[in-house]
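Take a look at the structure below.
The values are calculated or read from the model by the stated rules, or taken from the named source; none is laboratory data. Please read all numbers here as calculations on a predicted model, not as lab measurements. Glycine gets a Cβ as well: all are built from the backbone with ideal geometry, and neighbour counts include every protein chain shown.
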Amino acid sequence: MTTETQATAAASGANATDRFRENKKFAAGTSQERVDLLASRVIGAINQTILEEKVTYDEYNALKAWLIQVGEDGEWPLFLDVWVEHSVEQVANENRGGTKGSIEGPYYIPDAPKLESPATLPMRDGEQGTPLLFQGRVTDVAGKPLPGATVEIWHADDLGFYSQFAPGLPEWNLRATVIADQNGDYRIHTMQPAPYQIPTDGSCGKLIAAAGWHAWRPAHLHLKISAPGHQLITSQLYFKGDEHVGDDIASAVKPELILDPTPQADGNGCEVTYNFVLDAA
Ligand code: MBD
Ligand code: FE
């Protein structure tokens with residue numbers, strides 16, 4: 001990895017915080033009863049840990065300093081999406097019958113350029129990596145194709161960097177909104193992403209080092225699949241054989257979401273077919 005393109009905490013972290021503020025529209029008003037319940041339980045769990053583990057003043061002050069620094073680094077989106085979002089996703093999607101969901105993570109940007117299938121994702125001349133043809137069909141739970149379904153896709157490049165969060169990449173590099181054809185089929189030409197390493201120079205990296213954890217997510221494609229009359233699903237797809245597919249730092253891998261690409265017929269990279277199934281709205 002070159003220092004030039006290293007996604008530092010300062011660059012990607014602060015950027016993710018700004019983007020979160022811009023992108024997220026909250027349903028207004030969590031009730032007083034609900035805030036009381038949830039805040040009491042979370043604060044209670046912290047206090048219980050302190051009492052049971054006999055936390056010292058040194059440890060308490062280290063935590064205090066670290067929490068302050070997470071905000072200053074802009075790494076709250078990164079911290080929460082890596083260590084907390086997977087449980088929120090589990091709750092949100094527990095009653096779905098279609099394709100499994102996974103976490104959105106901190107690097108989604110809405111309104112990426114629209115492309116009709118078959119599409120090639122925006123990329124640089126000479127974009128590095130292994131070409132990947134990613135294709136399949138979008139259907140309902142009964143197997144009926146959903147014409148004109150939308151496949152929003154975003155992923156890291158061959159060095160593990162996301163456009164708009166690492167310096168030097170074109171704005172929409174490896175991001176698009178792909179419209180499936182009249183049979184619900186999509187065909188996307190891209191470059192296989194590299195595994196993603198949590199920036200080592202920020203608060204999340206410091207926590208990882210202090211705890212002796214590793215900092216990796218397996219290589220992944222991020223997706224949001226939608227069609228009129230159906231529930232949008234946010235998911236991710238991974239690659240069989242990836243070193244970290246079994247120990248994702250973000251706990252976001254599910255066995256149903258692991259791809260096994262095969263060499264393309266023309267010898268140019270790999271291809272894989274994955275069919276998405278959407279629950280009715
Ligand atoms: C990522 O690329 C990601 O998908 C998540 C969830 C957290 C950090 C980086
Ligand atoms: Fe990601």
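Hey, does segment 107-130 have a residue that's closer than 23 Å to PRO193 by Cα, in contact with a Pro (Cβ under 6 Å, 6 or more places away or on another chain) and within 14 Å of ligand 1 (Cβ to nearest atom)?
No, because not a single residue in segment 107-130 is closer than 23 Å to PRO193 by Cα, in contact with a Pro (Cβ under 6 Å, 6 or more places away or on another chain) and within 14 Å of ligand 1 (Cβ to nearest atom).
Give THR190, THR139, THR200 a once-over and let me know the one that is among the polar types (S, T, N, Q) and modelled with pLDDT under 95.
Being among the polar types (S, T, N, Q) and modelled with pLDDT under 95 holds for just one of THR190, THR139, THR200, which is THR200.
Quick check: anything in segment 149-166 more than 16 Å from ligand 2 (Cβ to nearest atom), at positive phi and either out of contact with any strand residue (DSSP E or B) (no Cβ under 8 Å at 6 or more places or on another chain) or β-branched (Val, Ile, Thr) (or both)?
Let us first name the residues in segment 149-166 that are more than 16 Å from ligand 2 (Cβ to nearest atom), namely 149-151.
In the following step, the residues that additionally are at positive phi were identified as none.
Scanning segment 149-166 turns up no residue that is more than 16 Å from ligand 2 (Cβ to nearest atom), at positive phi and either out of contact with any strand residue (DSSP E or B) (no Cβ under 8 Å at 6 or more places or on another chain) or β-branched (Val, Ile, Thr) (or both).
With respect to the numbered conditions (1) surrounded by fewer than 17 Cβ atoms within 10 Å (Cβ to Cβ); (2) on the phi > 0 side of the Ramachandran plot; (3) at pLDDT 85 or above, which one is the sole condition not fulfilled by GLY74?
Tallying (1) surrounded by fewer than 17 Cβ atoms within 10 Å (Cβ to Cβ); (2) on the phi > 0 side of the Ramachandran plot; (3) at pLDDT 85 or above, GLY74 fails exactly one: (1).
If you check THR130, THR56, THR99, which single one turns out to be within 19 Å of the chain's Cα centre (by Cα) and either surrounded by fewer than 14 Cβ atoms within 10 Å (Cβ to Cβ) or among the hydroxyl-bearing types (Ser, Thr, Tyr) (or both)? It would help to see each step written out before you state the result.
Values: THR130 fails: within 19 Å of the chain's Cα centre (by Cα); THR56 fails: within 19 Å of the chain's Cα centre (by Cα).
It is THR99.
Name every residue in segment 110-127 that is in contact (Cβ under 8 Å) with a residue 40 or more places away in the chain, more than 16 Å from ligand 2 (Cβ to nearest atom) and either among the small types (Gly, Ala, Ser) or assigned to a loop (DSSP other than H, G, I, E, B) (or both), in order of residue number. Write out each step before concluding.
Quick first cut of segment 110-127, residues in contact (Cβ under 8 Å) with a residue 40 or more places away in the chain only: 110-124, 127.
Still in the list and also more than 16 Å from ligand 2 (Cβ to nearest atom): 111, 113-120, 122-124, 127.
Answer for segment 110-127, where residues must be in contact (Cβ under 8 Å) with a residue 40 or more places away in the chain, more than 16 Å from ligand 2 (Cβ to nearest atom) and either among the small types (Gly, Ala, Ser) or assigned to a loop (DSSP other than H, G, I, E, B) (or both): ASP111, PRO113, SER117, PRO118, ALA119, PRO122, MET123, ARG124, GLU127.
Within segment 227-240, identify whether any single residue is within 16 Å of ligand 1 (Cβ to nearest atom), surrounded by fewer than 20 Cβ atoms within 10 Å (Cβ to Cβ) and closer than 23 Å to CYS270 by Cβ, and answer yes or no.
no
Results for (1) of a type in the set (S, T, N, Q); (2) over 30 Å from ALA142 (Cα atoms); (3) within 16 Å of ligand 1 (Cβ to nearest atom), shown as yes or no for each residue.
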site	(1), (2), (3)
TYR60	no, yes, no
ASP73	no, yes, yes
TRP83	no, yes, yes
HIS86	no, no, yes
THR99	yes, no, no
SER102	yes, no, yes
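For segment 222-252, give me each residue that is among the aliphatic types (A, V, I, L, M), touching a residue at least 60 places away in the same chain (Cβ under 8 Å) and more than 20 Å from ALA176 (Cβ to Cβ).
Within segment 222-252, ILE249, ALA250, ALA252 qualify.
For segment 134-168, name all the residues that are aliphatic (A, V, I, L, M) and crowded, with 19+ Cβ neighbours inside 10 Å. Spell out the reasoning first.
First, pick out the residues of segment 134-168 that are aliphatic (A, V, I, L, M): 138, 141-142, 146, 149, 151, 153, 156, 159, 166.
Hits for segment 134-168 are VAL138, LEU146, ALA149, VAL151, ILE153, ALA156, ALA166.
In this structure, does GLY148 turn out to be closer than 20 Å to ILE225 by Cα, more than 16 Å from ligand 1 (Cβ to nearest atom) and modelled with pLDDT under 95?
Against the criterion (closer than 20 Å to ILE225 by Cα, more than 16 Å from ligand 1 (Cβ to nearest atom) and modelled with pLDDT under 95), GLY148 qualifies.
Of THR139, THR120, THR150, which residue is of a type in the set (Val, Ile, Thr) and closer than 24 Å to GLU22 by Cβ? Let's see the steps before the verdict.
Numbers: THR139 fails: closer than 24 Å to GLU22 by Cβ; THR120 fails: closer than 24 Å to GLU22 by Cβ.
None of the other options fit; the residue is THR150.
Of the conditions (1) among the hydrophobic types (A, V, I, L, M, F, W, C); (2) in contact with a strand residue (DSSP E or B) (Cβ under 6 Å, 6 or more places away or on another chain); (3) crowded, with 20+ Cβ neighbours inside 10 Å, CYS204 clears all except one; give me its number.
Failed condition: (2).
With respect to the numbered conditions (1) more than 18 Å from the chain's Cα centre (by Cα); (2) more than 30 Å from GLY97 (Cα to Cα); (3) within 16 Å of ligand 2 (Cβ to nearest atom), which one is the sole condition not fulfilled by ALA210?
Every condition holds for ALA210 apart from (3).
Among the residues of segment 211-221, are any touching a residue at least 12 places away in the same chain (Cβ under 8 Å), touching a Leu at 6+ places or on another chain (Cβ under 7 Å) and crowded, with 18+ Cβ neighbours inside 10 Å?
Checked against the condition, which is being touching a residue at least 12 places away in the same chain (Cβ under 8 Å), touching a Leu at 6+ places or on another chain (Cβ under 7 Å) and crowded, with 18+ Cβ neighbours inside 10 Å, segment 211-221 yields at least one hit.
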